[in-house]
1. Considering every residue within segment 156-172, establish whether at least one is modelled with pLDDT under 75 and over 20 Å from THR103 (Cα atoms).
2. Take ASP30 and tell me if it is in contact (Cβ under 8 Å) with a residue 60 or more places away in the chain and of a type in the set (D, E, K, R).
3. Would you please name the residue that is nearest to the chain's Cα centre (by Cα), looking only at residues in segment 193-208 that are open to solvent by 10 Å² or more (accessible area, probe 1.4 Å) and closer than 21 Å to PHE8 by Cα?
Amino acid sequence: MENHFVIFIPYCEVYHPYIIECLDSILNNDYENYEIIFVNDGADNISFLYDHKLNSNKKITVISSDINYGPAFSKWKFIEYIKNNNFDMNDIAIVIDGDDYITLNALSVINKAYNDSKCWVTFGDTFSSGCRFINVHTNNAIELNGNYESIRKSQKFFANHPRTFKIHLAKYINKDIFMYNNRWLQKGTDLTLLCDLFELAGNEKIKMINEKIYYYRTHKNNSFRTSNAKDRQFKSEGVKYIKNRPNREKIIEEIHVIMCCWKRYQYLNNQC
């Protein structure tokens, strides 16, 4: 089965040198059943995107803000959009940052993971050059022996790109998880979303994709490289806030049973 993917691309001005490679890696994929939600966080010029829209038969929806609020804002605008529109609850959201890109078989690999495991959430491991976090993620995940719900209290962040989840989980995600002291979080924006997703789904609905299908790009404008002392303090307080939030209650999946009752329907109440 080809699941329908809703691909979220957050974009801001510093991603401009990399965004074409990001878009092309999606549009040239060997998988067809997807659409793109492009959240423009304050960039003045996104004319390049319309060139891609004209040259592609894929649906690309653009959500734009005149002000750059940061990654937490972009994530919330995506969540808000899918909550307010009539997506199939079994559609799958995929997060691909505008300065990163994916392998040409990435979407097929993700599709297979969902079909084979019946999961609700996936994470993986990435190719990267120069990022100190990348090479330890898979090992840390293995050490947890599948206890992925512990991500909120974990000292090592292991849930790497690509991050994906079933759309139905979005209805349980609220704006407040992306904010601290009435400001948009500037650090831990992946962490806060994944904590909620992992806890809502539960261990048996989480799948780690071992095949590397995502390229994480390091550059001088990565968010962990661009902050002053005041920003660093706010970021640090924000991460503590995320880790100290109460765990979300796991969703218990409803099971629907259809029974065929022929003639002796008077016994139906006893059967139920």
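The values are calculated or read from the model by the stated rules, or taken from the named source; none is laboratory data. Note that the coordinates shown come from a computational prediction; the quantities given were computed from them, not determined experimentally. Here Cβ is always computed from backbone atoms with ideal geometry, including for glycine, and neighbour counts include all displayed protein chains. In case anyone asks, the SASA skips ligands and DNA or RNA and just uses the protein heavy atoms, side chains included. Shrake-Rupley method; radii C 1.70, N 1.55, O 1.52, S 1.80 Å.
1. Here is the first cut: in segment 156-172, the residues modelled with pLDDT under 75 are 156-157.
Those still in the list that are over 20 Å from THR103 (Cα atoms) too: 156-157.
Yes, some residue in segment 156-172 is modelled with pLDDT under 75 and over 20 Å from THR103 (Cα atoms).
2. Yes; evaluated as a whole, the condition is true for this residue.
3. Residue satisfying both the conditions and the ranking: LEU193.
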